[in-house]
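Scroll down for the structure; my scribbles are underneath it.
The values are calculated or read from the model by the stated rules, or taken from the named source; none is laboratory data. Fair warning: this is a prediction, and the values are worked out from it, not measured in the lab. Using ideal geometry, Cβ is built from the backbone for each residue, glycine included, and neighbour counts are taken over all protein chains shown. Surface accessibility is based on the protein's heavy atoms, side chains included, excluding ligands, DNA and RNA. Shrake-Rupley method; radii C 1.70, N 1.55, O 1.52, S 1.80 Å.
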Amino acid sequence: MWKEVRDREAGKLPPITFASRVRSCRVSALGLSNHKEIVSPHHGAVNALQVDLTEGRYLLSGASDGSAAVYDIQRATDYEEGLIARHRSLFVVDKQHEYGHKFAISTAIWYPVDTGLFVTGSFDHFVKVWDTNTTQVVMDFKMPGKVYGTAMSSIAKAHMLIAAGSADVQVRLCDIASGAFTHTLSGHRDGVMTLEWSTSSEWILMTGGRDGAIRFWDIRRAGCFRVLDQSQCQLGRRPPFLENTSKKIVARTSLAGSSSLANKSVSRKKSPLGNGMKQSQALHKPQNLLRTPVRQRSHPGMSSSHDRATAHYGAVTGLKASVDGMYLLSSGSDSQLRLWDIESGLNILAKYEEMSLQTSKSIHLALNPDSSLVFVPCMATVKACDVWSGLTLQTFRGHYELVNCCYFNLQDQELYTGSNDRQILVWSPPSAIINDLEEDNRKEQKFSADKDNWSD
Amino acid sequence: MGREEESDEVPAMVPRLIEKATNSTAPEVNPRLLKAIKSTVRYSDDEVHAAVQSLMVQMKKPHSQVRYLAVLIIDELFMRSKLFRSLLVINFDQFLSLSVGFRRNMPLPPPFSIASNLRKMSIELLEKWNSSYGIYYRQLRLGFDYLKNTLRFQFPNRLEIAARLQQERREREMRTQQILLNKFENLKDNFSSIKSEIQLTIDEIGECLEIINEKEEEFNLRNFSEDDEVGEFQSLTLRQIRLDSLKEGQKVQEDNDNKAIFDALRELFKLLISKHLTSVQEWISVLIRVDLNDLKFRDTALKEFIDIRNVIQSVRNRCVQLGCVLNDPPSQEEDIWEEGKIEDYIPQNFVMNRSLVENSVDIPSRHKCKKSAPPGEENNPFDSSQSVSERSRLLAEAPVLTWGPFLDNWGSKRDVLANQRGLELDGHWGRVDYDAVIPAERIAELSVHRTVYKEEAVEIQPCLAPLRKGGLCQRKDLRECPFHGPIIPRDALGNPIGRSPCSTGEIEKDSSTEATAHNGENGAEESPNMGKVTIEQLAKQAVKNVRERDREVKMLKRAKLAKVREHNEVVLREAAIASTSYSEATGERRDASHESLSEGKTKKLTLASMLKKKVTAKDRISQRLLSTRTKYYELVTMYDGKGGLLMR
C-alpha cells in the first residue's frame, strides 16, 4: 500500500492505475459492514435501491409496502455504543401519504441530474415523480398495467424521459417536461420487466421482457432495431478495433446498405468463432448504422424469425449495462446470466457458475466501475462473479430471504442490498486504510469485550 | 490434560471428538468430552476452523438429538473463542435454519420432542449471544432481528425480565427504607418519652415485687434452711421433686391482703410484656435495618434498647419466678399448634375444654356431634335439655357439621396475607406481590362449607288399591296414584287402614277424579292416626330395602371392579404391543406384556431408536380416557337397566 503511494508520488505509477488498484483491492475485501447500518423503515420487501448519481450520498429505496425512503449514507443519524453508525431514513413516503402508492413499489430511481426529484413505479399502475424536498408528488403517469421497471438515462442531454415497463406489452416513455407519454414502443409480446438506457448513446434504450426478449430501441425512430438472440454468440471480447478496417466497413456498409440485419446475423452465425475480418465487419455495422440513415430502413423488414429471437428461456428479469457502454449483462428466470456485446448484439459466451435466480420478480444487478465484477442477487445471497470468467469470487450471506436488488456505490465501494426480509444491508470494505491506525486504537477499547474468554 | 499432547501429532482431532460427543442420547454433552473439545480448540486456530466445519456437518445431520448436542457445544465455544464466533457468524443464516428450523422447506428433523427442545434452546442461546456479542457481529443482530421482528418468534427476553425484577426489588427496598426512615425519625423524636414510659412500668413492677417479697421473706428463709438439711439424703429425682414443691410453696400465695398488689402487678406485667417488650423488639429491628449516615444516634439508641430489653426480660423472669399467679399470657402459637396437630385429637380436646368450663350435661351431645347421629335421635337431647342451661339447649339446636378446614376461621372476617408463611419467593418464576392480601370475602368464599347431598332412600310404596279384576294395584307413585288417589296404607285386601269401610266402597265405585278430590279433603285428618302403623311398616320395609340395596351396590361394585381389571389388562397389553410394535417380537410377546415393557425401558437407547415411534404417555392417557368413557356408558346403561327393574 505505502509502496504504491510512493510509486505514485514518484511518477512510477499512473494515478489512474493507482486508484483502480486501491478500488479493486477494496472491492475484493467487501464484507458485511458491522459499523454501518441502514435502519429500514419498510414493512415489506425492499425492491429497489439506488444511490443518487450526483453526490453519491443519498440512498433511495422502494419497498413492497408502498413506501419509499431516502437515507443519508455519508452521515449517520445516530451511533449505537459509539461503534455502530445507524443511518435512519431522512423521510419516508408510504401509503399514509396523500399521494403515496397504494401497492408495492417495484422501482425507485433518482433523477439523474440532481437529487431534487425521484421517480417511483408501483404495482398500482402509477409512475410518480416526487419532489425530494417537499416529499410531494409533482407528476404522475398512469400506466396500463403494473409497473415493473423504470429507467432514466444518466447521460441524456437532449431529453428527460422516463422509460417505464409494465405488465402491458408496450414500453412507454414519460416526459417529465410535458407530463405526457412521448413514445409508445411496442414489440414485446409480454410485460416488460426491466429497462436500461445505453450508457454510451442517450437515444438507445434496452428492455427485457417476460417473453424472454431483450430489445434495443432507438427512440428517435419507431420500432425496435435489434432483438438479442441467445443462439448467436461470439467467444470473448472483440479484438481491438483497427483504423483501416473501420474505413472499409464504412465503405461497405454504404454499399450494402439495404441488406437486412437478419441476413447479416445469418452470415455471422456461420463463423461464431472467428475473430477475423468478416466478423468485425459485421460487428461494427450497427454502430455505423446508427449514424447513417441507411440503417433506418432495415428494421421494418426484420425477418419475423429474428423478431422472435429470445435472450433467455422464460423472462428476462434484470439488465445492466457496463459503464463504458460496451457490454450488457442480463439475467433471466432460466437462472442464467448472459453477457452481451452491445455493439454486435452477440451473446458472449461467458460461462457463469450455476446459480439459482429469483424468477418472479425483476432483480437488479450491479457492476463495479471497471466492469470486472457483477453482483447478482441469488436467492438469499448475493454473489460477486467475475464478468469474464464467470467465476463466483464471493458470496455475501446475510439476508434471510430472497434478495431483490443490489446497488454498488462507486464512490465508496460499498454494496447495498435489499431483500424480502425488509432489510437493507451495507457491504463495505474493512475500514478505511488511512485511518486504520487511529481506528485500531479506538476499536481496541471498543472491542475489548469481544475477546477470547477461556475460563477453562 | 493428556489430550493436548495428542492433538500435537494429529492435526485435527476436534472433529472426532465432536462426532463422539454428538453421538449420544443424553440430554447433555458428556462433560469430559466437552472439556476435551474445549482444551483442544483452545490449543490452535486450525482446530477452531476444524471445529466449526465439523460442527456444521453435525448440524446438517437429520437427527435433532445430534443437532441439539452440536448446538450445546457451539454455545460453549461461541462464548469463549473469538475466532469461533467470527467463523460461525459467516454462515449464520444456515446455522439458524438448522437449529431453529425457521425455513419451511427445512423443518427440524425428528424426534419431535427433541426438535422442539432444540428450537427453544437455540432461540434462548441466540438471545444470549445477541445480548453479549450482538454489537460486534452484524449477522447476529440480523438473525435476532429477523426471527424476532419478521417471523415474530417469542424470545424469552431474559434481560428485560431480569432488569424489571431488579427494578422492582430496588423500588421495594426503597419503600421499606423510606418507611424505616420515617419510623426512625419518629423514634428520634420520642426516644426519651418511650424510655421513660418503660422505665416507669419497670419501676412500678419492681415496687410491687418488693412489697410482696417483704411480706414473705421470713417464711421463705425458714423453708429453705429446712429443705437443705433433708434433701441431702434423698435420691436426685426425689430431691428435685421436693425442691420443686418447696419452690411452689415458697411462692407467694395470693390472698385477700395482697390481692390488690397482685392485680396491679399482673396489669403491669401484661403491659410490659405485650406492649413494651414487643415495641422494644420492633425498635431494635428497625434500628438494625435502617440505613443511615448518622450512625451515632443509632448506635446509642440500639444499645439502650438492648439494655432495656434485657432489663425487661430480667423483670419478667423475676415475676415468673415469683409466682405462678402471674401466668404468662398463654402464647397462642403453641395452643394452635397442639390443636392442629392431629385431626382425631381435636374433638376430645374440645370436649375436655368444654367439660372444664361446663357441667357434665352436654358430653353426650358432643359425642353425637362427632358421629353425626341418625336423625331420629335428634329429639331426645332437645327434650331433656329444656330444663338445663341455655347453652346446652343452643348446642343441641346447633346443626351437626362434619369437621373441615372451614372451622378454622369460623366467623372471622379478617383479610389474610397470601404469603402467610413468609416463604422466600425470589426463586419464583412469576411476578410476586409480597403484600398480596386475600380479602375476607374471598376467604369466606373459599371456605364455604360443602357437603355432598345424599338422597335419603325412600321406598316407594305400591298403591295397593284393590282392582276390579282382582288383585291389588302395583303402581308405584310417590304420593298419588292417578287411578286410585293418594297412596295410603292399606291392609292385605286393599282396604285403607283406619278408614270407614263405606268410604272405601265409595272409592272403589267412584271414578278416580272424585276420589282424589275426596282424599284431598280429608288427607289432613288421616295423618295423625296413620303414624303408628306406617312407622312400623316403614321400619320393616326399610330394613328390607336397605339390605336389597346393599346387595345391589355390592354387585355393582363387583361388576365395576371386574370391568376395571379387564380394561387395565387390555390397556396394558395394548401398550406392550405398541411399544414393541417395531421390534421383531410383535406377535409372540402378547402375553408377556409386562416383561417386554420393562425390557424396553432398560434397553440401551440409541440415536436410531429415538427416531422410532413410541406410544407416549399422552397416547396412553387418551387411550385410557377413551376406554373409560365407553366403560362409563356401559355402566350407565347397566344402571339404567337396574333402575328399570326397580320401577317394575
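A few remarks follow.
- On a per residue basis, the convex hull of the C-alpha atoms belonging to segment A:33-157 measures out at 109 Å³.
- Cβ-defined net charge surrounding B:THR150, 11 Å radius [Lys, Arg +1; Asp, Glu -1]: 0
- Coarse-grained scattering of segment A:296-408 at q = 0.13, 0.16 Å⁻¹, given as base-10 log I(q)/I(0) from a Debye sum over alpha-carbon atoms: -0.49, -0.71
- Among the listed pairs B:LYS20/B:LYS61; A:LYS351/B:LYS61; B:LYS35/B:LYS82; B:LYS195/B:LYS275, a Cα-Cα separation exceeding 23 Å is found for A:LYS351/B:LYS61.
- Convex hull volume per residue in cubic angstrom - Cα atoms of segment B:116-222: 257 Å³
- Inverse of mean 1/r across different Cα pairs in segment B:55-101, Kirkwood, Å: 10.6 Å
- Between A:GLU98 and B:ILE179, the simple spin-label model (points 7 angstrom out along Cα→Cβ) gives 6.0 nm.
- Evaluated at q = 0.11, 0.17, 0.24, 0.25 Å⁻¹, the base-10 log of the normalised Debye intensity for segment A:93-178, with identical point scatterers placed on the Cα atoms, takes the values -0.26, -0.62, -1.22, -1.30.
- What the phi angles of segment B:290-305 give under the Karplus curve with 6.51, -1.76 and 1.60, with θ = phi - 60°, is a coupling list of 5, 10, 9, 8, 7, 8, 5, 4, 4, 4, 5, 4, 4, 4, 4, 5 Hz, glycine and proline written as x.
- Heavy-atom accessible area buried between chains A and B is around 2700 Å² (1.4 Å probe, both sides summed).
- Cross-link check: pairs B:LYS476/B:LYS563; B:LYS540/B:LYS563; A:LYS36/A:LYS146; A:LYS95/A:LYS320; B:LYS128/B:LYS618; A:LYS142/A:LYS320 evaluated at a Cα-Cα cut-off of 28 Å; pairs beyond the cut-off: B:LYS476/B:LYS563; B:LYS540/B:LYS563; A:LYS36/A:LYS146; A:LYS95/A:LYS320; B:LYS128/B:LYS618.
- Solvent exposure of A:CYS25, expressed as accessible area, is near 80 Å², computed with a probe of 1.4 Å over the protein chains only.
- Net +/- balance of residues flanking B:LEU159 in space, Cβ distance below 12 Å, scoring K and R +1, D and E -1: 0
- Drop in accessible area of at least 20 Å² in the complex versus isolated chain, residues of segment B:112-138, 1.4 Å probe: B:TYR133, B:ILE135, B:TYR136, B:ARG138
- Calculated from the alpha-carbon coordinates, segment B:1-152 shows an Rg and a Dmax of 15.0, 48 Å respectively.
- For B:ARG414, the shell of other residues with beta-carbons less than 12 Å away shows a net charge of -1, using +1 for Lys and Arg and -1 for Asp and Glu.
- Mean projected area (nm²) of the alpha-carbon convex hull when segment B:117-163 is viewed from all directions: 3.3 nm²
- Kirkwood Rh and Cα Rg combined as Rg/Rh, segment A:348-388: 0.96
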